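A quick write-up on the structure given underneath.
The values are calculated or read from the model by the stated rules, or taken from the named source; none is laboratory data. Given the structure is predicted, the values throughout are model-derived calculations rather than measurements. Using ideal geometry, Cβ is built from the backbone for each residue, glycine included, and neighbour counts are taken over all protein chains shown. Remember, those area values only see protein heavy atoms, side chains included, never the ligands or the DNA or RNA. Shrake-Rupley method; radii C 1.70, N 1.55, O 1.52, S 1.80 Å.
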2 protein chains.
Amino acid sequence: MAVRSFWGWGNEGEALKSREINYFARLLGNFIPSGESLKLPPRKEDLKFPKPRFNPPKSFSVQVDYSSLERARHCYGRSFKDVFRGLNNDFTDPPDAVIFPKTKQEVIDTLDYCQKKNFAVNCYGGGSSVVGGVEIDHDLLSNYSGWISMDMTHMNNLVSLDKFSRSANFQGGILGPALEKKLKRHNLTLRHFPQSFEFSSLGGWIATRAGGHFATGPTHIDDLLEALEVVTPIGTTVTRRLPASGAATDENRLWLGSEGILGIITSAWVKVQPRPTFVAKADIAFDDFKQGIACLKEIAQSGLNPTNCRLLDPVEAFINRVSASNKAILLLGFESYDHEINFLFDRGKEICRSYSGELISESLITKDQINSPVISDSAAESWKASFIKAPYVRDALIRIGLIVETFETAVTWDGFDKLYFNVIDQINREIKKHLNGNGWVTCRITHAYPNGLAPYFSVIASGRSGSQISQWNEIKRIASETLNKYNGTITHHHAVGKDHREGYYGEKSEIYIGYLKNAKKYFDPESILSPGNVLKLP
Amino acid sequence: MAVRSFWGWGNEGEALKSREINYFARLLGNFIPSGESLKLPPRKEDLKFPKPRFNPPKSFSVQVDYSSLERARHCYGRSFKDVFRGLNNDFTDPPDAVIFPKTKQEVIDTLDYCQKKNFAVNCYGGGSSVVGGVEIDHDLLSNYSGWISMDMTHMNNLVSLDKFSRSANFQGGILGPALEKKLKRHNLTLRHFPQSFEFSSLGGWIATRAGGHFATGPTHIDDLLEALEVVTPIGTTVTRRLPASGAATDENRLWLGSEGILGIITSAWVKVQPRPTFVAKADIAFDDFKQGIACLKEIAQSGLNPTNCRLLDPVEAFINRVSASNKAILLLGFESYDHEINFLFDRGKEICRSYSGELISESLITKDQINSPVISDSAAESWKASFIKAPYVRDALIRIGLIVETFETAVTWDGFDKLYFNVIDQINREIKKHLNGNGWVTCRITHAYPNGLAPYFSVIASGRSGSQISQWNEIKRIASETLNKYNGTITHHHAVGKDHREGYYGEKSEIYIGYLKNAKKYFDPESILSPGNVLKLP
């Protein structure tokens, strides 16, 4: 059985082997800080944690785990900073205990007890937060008797399936693969595939407004949510299953993006659909990124609604083994479970040609072929494999001393050029000034809309040994300020957590922040839920 | 210049002529209450209003109108009950004054002054509310020095147009036709056409989460909103123009459906698009409504996303002059500004055939024809004309003593049969029991989603002369209870206002209502904004 790493991404067995790490070490040789060698991960025997302060009476029947291993696993999310600290056995302020509720009532009992005893409760789904969402706010911890991580993954059932209305009700703690497996039996899919898919939960997707890997159409969990049940410290709320409603404000939208600070999502109805039977994919090369952007814009504004429409800049295309030819690559895809999509696909390719896009490969999978085991080896497939593998590669690079992290945003089309140019320019200046020029900043466009796009930046750079976190923090500070200055959002789908609070405050009005604080005070009067996420609290 | 009616729908000149009214009178002869003859509307000379209590100092520079005519016009929305009262010169509690701000600062000044002097402020866009949204809450009025109607229609400019990102920034008070006219100059459209289009405003659409007449796709204003500016009693908030964001809760969604109780929407960025160049339409007949529903469901779940997919039951089809053959009629339409839609159209018709749908008429308008003045005389066109004209017809029927009103809902596909059967059954019982059987209840499906649909019911019935309002209230009470019992929403796109409060409370959890009250208290501490909309207030 797969064992989850307590310091790095995903499963221990999936981590890169020495041979693979050496490949990257050779490739990135001059990025490796001098004096740095392949860092060995901590062993569980090395974990030395303070005695847990959480000590419920026998009547508290919820499963509690006090082991150092679970406490370490639930201490951090999985950002660069988190993995770096885990790798260095730096587990400051681990949770006093990890709680595994199995029922709504156990969630209620846990919140009741923690309110009474003044324990902070950080909700934990798959633990893949890259914004400090599951970590305790170290500055606030002294306000509490201690903190617990509430791991929701034992609440992982399919509660009900309404095939007629194409909706399914799952408990909040179910992870991506289990959810899809349960749907697959009925030839259905949620079609929500964030990069964290394997290690993120339905409740977590909703709480953080996750974005799937499809570039257009209903790819955000926001658009796939039908109804939900939320337990708050003051009571439970359930929204009605409805395809739409015009009855005042939409309650679902209060919980979408609530990031654990207002309540715990115990179950949700989501909109499902049949698995596709017509699939078409093409990989198109552009001489430069700018030309690709112009083409992407026309496609996004065409109403064709491709399922995939993702643009990689030349370095991204190279790193992800999609192209070695220094070109920007557009991954274009269409799919349907009802009708052929040839016409839409042809029109998509026609638009690409009109922007001098060069068709590198294409595949059209028909009804008969879709269940065959043959997998196309197109760039899109390479990219997808690389996409899922990417966090493991990142961990390996961190082990050889590199700074490896991403940040993402969204901006209207008219604002893109300035935002893009300035982000790249500012980060490159920083790399030149403080990192001896040893670094790359790359960009891909993960989502495209009629009115704008979502650029996703990756940074790989040399760090000063031991100072990688502070160096990354400085890069991130510059990036966040630049995004704000050029009218991007602080995050398109990574959430605010604790790391993006400053950027979030920069983006919102004072009275909206006040409103949100007020809502928190209403639902969570003792402020026990994920304190410090989104809001700066006293 | 068109003159707005002060008691009925729309413009005075558009009201039905005697000849037209007689046509309906003959058609509906036995529905007309005995002793009832064609009621003459009140004249403006008949309006006798109390002296306004609103008396700002000279320094208050915002335009104020104290005329009885404006006070009458702004006294009510345009529901059956409103028109009936207006027709009977029953203008209870008219506003003390009508305020016409021209700038954001004037909105702020008005709110400041009204807070200080304890005047309630009901925001007024086009005045087409059918749920009591613009009327004062008569039970709460004694808590105030008086009330004013804040008419936003002088704030009707196109502030900025970003053609590149396909977004336009309008002031909140602009009405549908003016907004479309300004966009048409650039060959653009918002493509949002609620039935109230002519007499409703952008700010009103947002505040009430209006639904357009397109049956699928981005037809709700929710999906067309990019950003907005809102003035509240405690300050102003502006959301950033973004195509998407994952930064905590979506502020736009707080204002969508806020129904005037939290703030005044002074301007908004909306997503626009080119006008269509490919249009295909078909009218398809089904032997019965149920067969049509099954077909509608398959189309809604096909991913074809027709622009129109509206199903009329046989009586609706007859009344709207679409069909005289006692069949249910599906109005199916596709459009695009980028590509031909023949393939999608063909597939849509193929689905209809598989449900024994009979093609009555079809038209395919190509690029070359689209600007020609020839208008197809298909059922869809008859229906559209009838759709816009419907409220005028309703006013005429009210003048001959009938009860004429609509209510609408949305429900998941699996809940439809029970909901539909019980609504029709309950209303028919009521008509039989209390209205001598003289009445019809009809149904059309206005919007279709993969997971459900939006049924829209119309009632035309005989009333006891003078008791029409109480009789309607009883029908409405029964309808609302039935919708709630069978898991519909109290409103799909008419909003809550004051008339749907009971139903809204039935649909929401106690703690969500508490949250909303809390939000109101935060933004509007003196509770001056549209008191009694959505929330029951002390």
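Quick notes on this structure:
- Farthest towards the positive end of the charge dipole of chain A, among the residues A:GLY13, A:ALA317, A:ILE329, is the Cα of A:GLY13, using unit charges on the Cβ of Lys, Arg, Asp and Glu.
- Three-way shape label, chain B, alpha-carbon gyration tensor, a/c 1.5: oblate
- Global geometry of segment A:91-137, whether rounded, prolate or oblate, following the gyration tensor of its Cα atoms and the 1.5 cut on a/c: oblate
- ³J(HN,Hα) computed for each position of segment B:436-441 - Karplus, 6.51 cos²θ - 1.76 cosθ + 1.60, integer Hz, glycine/proline x: 6, x, 8, x, 10, 10
- Look at the Cα gyration tensor of segment A:52-172: its axes a ≥ b ≥ c give a/c of at least 1.5 with a/b at or below b/c, and that counts as oblate.
- Separation of the B:LYS181 and A:ARG43 label points, Cα + 7 Å toward Cβ, nm: 8.2 nm
- Summing Cβ point charges (Lys, Arg +1; Asp, Glu -1) relative to the Cα centre of chain A gives a dipole of roughly 800 debye.
- Between B:GLY217 and any residue 5 or more places off or on another chain, the built amide H atoms are never under 5 Å apart.
- Across peptide A:515-523, the mean count of Cβ atoms from other chains lying within 10 Å of each residue's own Cβ comes to 5.
- Label zone at B:GLU362, where the point sits 7 Å out along the Cα-to-Cβ direction: segment B:268-283 residues whose backbone N lies under 18 Å: B:278-283
- Using the Cβ-Cβ distance between B:MET1 and B:ASN118 with R0 set to 51 Å, the FRET efficiency from 1/(1 + (r/R0)^6) comes to roughly 0.90.
- Hz values of 3J(HN,Hα) by residue in segment B:156-169 - Karplus curve (6.51, -1.76, 1.60), Gly and Pro given as x: 10, 9, 7, 7, 7, 10, 10, 5, 4, 8, 6, 9, 9, 10
- Spherically averaged projected area in nm², based on the convex hull that wraps the Cα atoms of segment A:213-371: 12.4 nm²
- Dipole check for segment A:15-64: with +1 at the C-beta of Lys and Arg, -1 at the C-beta of Asp and Glu, and the Cα centre as origin, the magnitude is about 260 Debye.
- For A:THR266, nonlocal amide neighbours, meaning residues 5 or more places apart or on other chains whose placed amide H falls under 5 Å from its own, are A:GLU229, A:VAL230, A:VAL231.
- For segment B:146-297, averaging the sequence separation of C-alpha pairs within contact (under 8 Å, six or more residues apart) and dividing by the residue count gives a relative contact order of 25 percent.
- Relative contact order (percent, whole number), chain A, Cα cutoff 8 Å, 6+ residue spacing: 17 percent
- Only Cα pairs under 8 Å and 6+ residues apart enter the sum, and on that basis the relative contact order of segment B:465-538 stands at 29 percent.
- Rounded percent of accessible protein surface that carbon and sulfur make up, chain A, 1.4 Å probe: 50 percent
- Solvent-accessible area per residue, Å², over segment A:427-498 with all protein chains present [probe radius 1.4 Å]: 35 Å²
- Assigned charges on the beta-carbon of Lys, Arg, Asp, Glu; segment B:64-200 dipole about Cα centre (debye): 820 debye
- Euclidean distance between Cα centres, segment B:197-260 to segment B:153-178, Å: 13 Å
- Across all directions, the shadow cast by the convex hull of the protein assembly as shown built on its C-alpha atoms averages 42.8 square nanometres.
- Put simply, the C-alpha atoms of segment B:402-447 give a gyration tensor, and the ellipsoid matching it has half-axes of 22, 13, 7 Å, longest first.
- For peptides A:22-29, A:163-170, A:115-122, B:355-362, sequence by mean Cβ density within 10 Å, most packed first: A:163-170, A:115-122, B:355-362, A:22-29
- Residue-span extension gain [A:LYS521 to A:SER465] - 0.36 nm each, minus C-alpha spacing: 15.9 nm
- In the protein assembly as shown, a dipole from Cβ-located charges (positive for Lys and Arg, negative for Asp and Glu) runs towards its positive end, and of A:PHE343, A:PHE91, B:PHE24 it is A:PHE91 whose Cα lies farthest in that direction.
- For the pair segment A:423-489 and segment A:1-66, the centres of their Cα atoms are 26 angstrom apart.
- Dividing the summed -39500 (n - 2.57) terms of all DSSP H runs of n ≥ 4 by the residue count of the protein assembly as shown sets its mean residue ellipticity at 222 nm at -10000 deg cm²/dmol.
- Rounded to 5, the percent of DSSP beta bridges in chain B classed as antiparallel: 85 percent
- Using R0 = 25 Å, the C-beta based FRET efficiency linking A:GLU20 and A:GLU474 works out to 0.25.
- Per-bin percent of Cα-Cα distances, segment A:134-276 [10 Å]: 11, 42, 33, 11, 3, 0
- Links that overshoot a 25 Å alpha carbon limit, given the list A:LYS520/B:LYS517; B:LYS485/B:LYS520; B:LYS17/B:LYS184; B:LYS508/B:LYS536; B:LYS498/B:LYS521; A:LYS349/A:LYS485: B:LYS485/B:LYS520; B:LYS17/B:LYS184; A:LYS349/A:LYS485
- P(r), alpha carbons of segment A:406-538 - 5 Å bins starting at zero, rounded %: 2, 10, 18, 19, 17, 13, 11, 7, 3, 1, 0
- Chain A contacts chain B over a buried accessible area of about 6700 Å², both sides summed; the probe is 1.4 Å and only protein chains count.
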